[in-house]
Amino acid sequence: MATNVVLISSDEQKFEIDIESTKLSELLIGLVDNSKPDQTIPTDVKSDMLKKIVEYLTHYKGVEPKNIPKPLPSSNLSDSIDEWEINFINGIELDNLYDLINGANYMGINSLVDLASAKIASLMKDKTVEEMRIMLNTECDLSEEELKKLEELKL
């Protein structure tokens with residue numbers, strides 16, 4: 001009976017993970033054959049994010065983490081998640097969180113999608129639209145007229 005599988009990133013990096021840890025991934029549950037030794041499973045996830053995904057899966061060993069409240073009660077994530085999750089998600093740059101969400105979504109790891117989404121939500125909570133634009137490095141594409149209409153709606 002196999003005990004480990006090797007996940008291959010889209011850029012050909014290999015990551016070994018025990019079968020028990022793959023149980024949080026809907027994709028891997030369907031692909032792992034418990035009786036087949038030396039399994040390799042190609043993924044469509046870049047190596048830097050697959051490494052984080054394997055770290056997450058290995059930490060939980062197939063046990064679903066507690067749910068994150070929606071909406072978040074505050075912008076302080078420690079009000080909603082445990083210390084390991086705080087350290088894990090804070091170790092990922094904002095730009096990479098979107099890649100992590102895409103990779104976790106592709107692999108069907110809903111709890112990791114929720115964790116990364118909660119991190120983004122906590123960064124945006126209680127921010128103005130302008131502050132969010134600066135944080136996300138986006139420009140306003142509304143005309144002056146459209147902006148005036150929006151301001152009128154706020155009154």
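The values are calculated or read from the model by the stated rules, or taken from the named source; none is laboratory data. If you're wondering where the values come from, they're calculated on a predicted model, not measured in any experiment. Note: accessible area is taken over every heavy atom of the protein model, side chains too, but ligands, DNA and RNA are not part of it. Shrake-Rupley method; radii C 1.70, N 1.55, O 1.52, S 1.80 Å.
Listed values, structure above:
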{"item": "Cα extents of the range 82-127 along the three principal axes, largest first (Å)", "result": "30, 22, 16"}
{"item": "Net length gained if the chain between residue 98 and residue 138 were fully extended (0.36 nm per residue, minus Cα distance)", "result": "12.9 nm"}
{"item": "Accessible surface of the chain, 1.4 Å probe, proportion on carbon and sulfur as whole %", "result": "49"}
{"item": "Gyration tensor over alpha-carbon atoms, the range 1-90, equivalent ellipsoid semi-axes in Å", "result": "28, 15, 10"}
{"item": "Entries in 127/149; 36/66; 61/125 that, when Cα-Cα distance is taken, lie over 28 Å", "result": "36/66; 61/125"}
{"item": "Rounded accessible area per residue of the range 81-155, 1.4 Å, Å²", "result": "66"}
{"item": "Additional length obtainable on full extension of the chain from residue 44 to residue 105, 0.36 nm per residue less Cα span", "result": "20.8 nm"}
{"item": "Estimated D of the range 32-155 in µm² per second, where Rh is the Kirkwood radius over Cα pairs and Stokes-Einstein applies at 37 °C, 0.692 mPa s", "result": "193"}
